[in-house]
Structure formats: structure tokens, C-alpha cells
Amino acid sequence: SQQGEEDPQALSIQEGENATMNCSYKTSINNLQWYRQNSGRGLVHLILIRSNEREKHSGRLRVTLDTSKKSSSLLITASRAADTASYFCATDPGNNRLAFGKGNQVVVIP
Amino acid sequence: DAGVIQSPRHEVTEMGQEVTLRCKPISGHNSLFWYRQTMMRGLELLIYFNNNVPIDDSGMPEDRFSAKMPNASFSTLKIQPSEPRDSAVYFCASSLGDSGNTIYFGEGSWLTVV
């Protein structure tokens, strides 16, 4: 099954800075989703972007999707300490079975 | 809405014992998923139910694992007998409809087999 791969694996930034994470995948998709996981907690859905969409915004989050390059990026603007978490991309080929990447650890330093 | 509810949140058991994890999906959702998360393998889909019917169980590791969904509001994942390598976080998730809808995760069941 296909699997998203996030890059970079770990990111440490100062509060107020922007954080950008990339995700690449191998096969065709119906949609791509980003999730956040705080330490010891479950996954929280952030954004879903469909294969016919190129960009989506939700608050301080901006997601782009380039299906020709099979890649997506997640931008968190004006980061806060509360944004410290692991971020996962997950691809759905159209059969409702999400395939997750290994995750991207983001640490926001106050 | 209460979200996806899982129990137990934490369980420590001895090798060879039976483990039963429980899940209550969000009311009205007709798709239910069991995922397993480990440091080595990340998040893996174990089984996917739609309208209480198992659609894809190709991710179930071996015969020691079984999952049931007797009705729309309850599912179990059972491991018998458990082994130390089964130690992981097991997540239940649910969604409405088919592909393209948000999948909501529970807080997970943290299993340690000693």
C-alpha cells in the first residue's frame, strides 16, 4: 500500500516563526489528509485536500497539493508553543483506507 | 458529540493472556477502522468495517488477532494469546460514508504485554 513520507522528520523553531513540512507519496490518490498528534494522545484531523484541489487554508494552516509531483506541504504560520506535536500526512487512494507517513516532530520553543 | 470512545486507555498484561479492546464509534458513522501505532512501523491499518461488515482485514497481523462489529455502535479487537511484540497503541477511528470524508480517531488503547 502507498504511504506518505514526511520531510523533514524533526523541526525545532522559535515561537512566532513559520513551520513547513512536506509529504511525498507514490501512487495516485483521491485525497490527502494531515493530522496532529500530541504526546500520549490520539490523532486530530487538521485538513483534508482533494486531488482536484491545489491549496487549502484553515486558520493558521495552509496545505498545498501537487499531484504531478506527488507531494503536499503543510505550513503553520506564526507558530505557538501549543503547536508542539507530531504531524502526519495520510493518503487515501479512494478506498477509504488511509496510509500514514512516519510523522514529523515539531517543537516550538517559547 | 463525545467522539470515538475507546477502552481501556491503558492495559498491562502478561504474555499468553487474552486482550480485548473496545470501541464506540461516533453515532451515525458507518465506517470503522482499527489502527496500530508503534515506533518501528508507524501507523498501520489493521481492519476496516463498513456498515458493520469487515471490508478489508489484510492488515491483521496473524490469526491471534480478531475483530468484530456486532452492531453500528460497538467494535472489539481481540488478541489471543498476546505476545510482547503486540505492545503498541491501538487506535479506533470512524467516519461517515466512503472515501473523502474526515476520519476521526479515538484516544487510543495503550497496550503493554510483558
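Considering each residue of segment B:27-77, count those that are crowded, with 20+ Cβ neighbours inside 10 Å, of a type in the set (G, A, S) and either within 9 Å of chain A (Cβ to nearest Cβ) or on the phi > 0 side of the Ramachandran plot (or both), and give that number.
Count: 1.
Restricted to segment B:64-114, and to residues that are in contact with a His (Cβ under 6 Å, 6 or more places away or on another chain) and modelled with pLDDT of 95 or more, which residue is nearest to B:L45 (Cα to Cα)?
It comes out as B:S94.
Quick check on this structure: which one of B:I79, B:I103 is touching a helix residue (DSSP H, G or I) at 6+ places or on another chain (Cβ under 6 Å), of a type outside the set (G, A, S) and touching a residue at least 12 places away in the same chain (Cβ under 8 Å)?
None of the others qualify; the one that does is B:I79.
Of all residues in segment A:95-108, which are away from every other protein chain (no Cβ under 14 Å) and either under 26 Å from B:E44 (Cα atoms) or at pLDDT below 95 (or both)?
A:V106, A:V107
Just a yes or no: is a residue in segment A:9-26 in contact (Cβ under 8 Å) with a residue 40 or more places away in the chain and within 11 Å of chain B (Cβ to nearest Cβ)?
Scanning segment A:9-26, I find no residue that is in contact (Cβ under 8 Å) with a residue 40 or more places away in the chain and within 11 Å of chain B (Cβ to nearest Cβ), so the answer is no.
Considering only residues of segment B:90-114 that are β-branched (V, I, T), closer than 22 Å to A:R41 by Cα and surrounded by fewer than 21 Cβ atoms within 10 Å (Cβ to Cβ), which is farthest from the other protein chains (Cβ to nearest Cβ)?
B:V113
For the subset of segment A:79-94 comprising residues that are touching an Asp or Glu at 6+ places or on another chain (Cβ under 8 Å) and more than 14 Å from chain B (Cβ to nearest Cβ), which member is surrounded by the most Cβ atoms within 10 Å (Cβ to Cβ)?
Checked segment A:79-94; the qualifying residue surrounded by the most Cβ atoms within 10 Å (Cβ to Cβ) is A:S79.
Given the criteria surrounded by fewer than 19 Cβ atoms within 10 Å (Cβ to Cβ), assigned to a strand (DSSP E or B) and among the acidic types (D, E), does B:E11 qualify?
It is true that B:E11 is surrounded by fewer than 19 Cβ atoms within 10 Å (Cβ to Cβ), assigned to a strand (DSSP E or B) and among the acidic types (D, E).
Taking segment A:18-68 only, how many residues are among the aromatic types (F, W, Y) and under 17 Å from B:T102 (Cα atoms)?
2
(1) in a strand (DSSP E or B); (2) closer than 23 Å to B:G59 by Cα: which one isn't true of A:T27, the others all being true?
It is condition (1) that A:T27 fails.
Which of the following residues is small (G, A, S) and closer than 15 Å to B:F105 by Cβ: B:G28, B:G42, B:G16?
Answer to the check: B:G42.
Select from segment A:49-71 the residues that are surrounded by 14 or more Cβ atoms within 10 Å (Cβ to Cβ) and touching a Lys or Arg at 6+ places or on another chain (Cβ under 8 Å) and write down the one among them that is nearest to the other protein chains (Cβ to nearest Cβ).
A:I49
The values are calculated or read from the model by the stated rules, or taken from the named source; none is laboratory data. None of these values were measured; they are calculated from a predicted model. All Cβ positions, glycine included, derive from the backbone under ideal geometry; neighbour counts span all protein chains shown.
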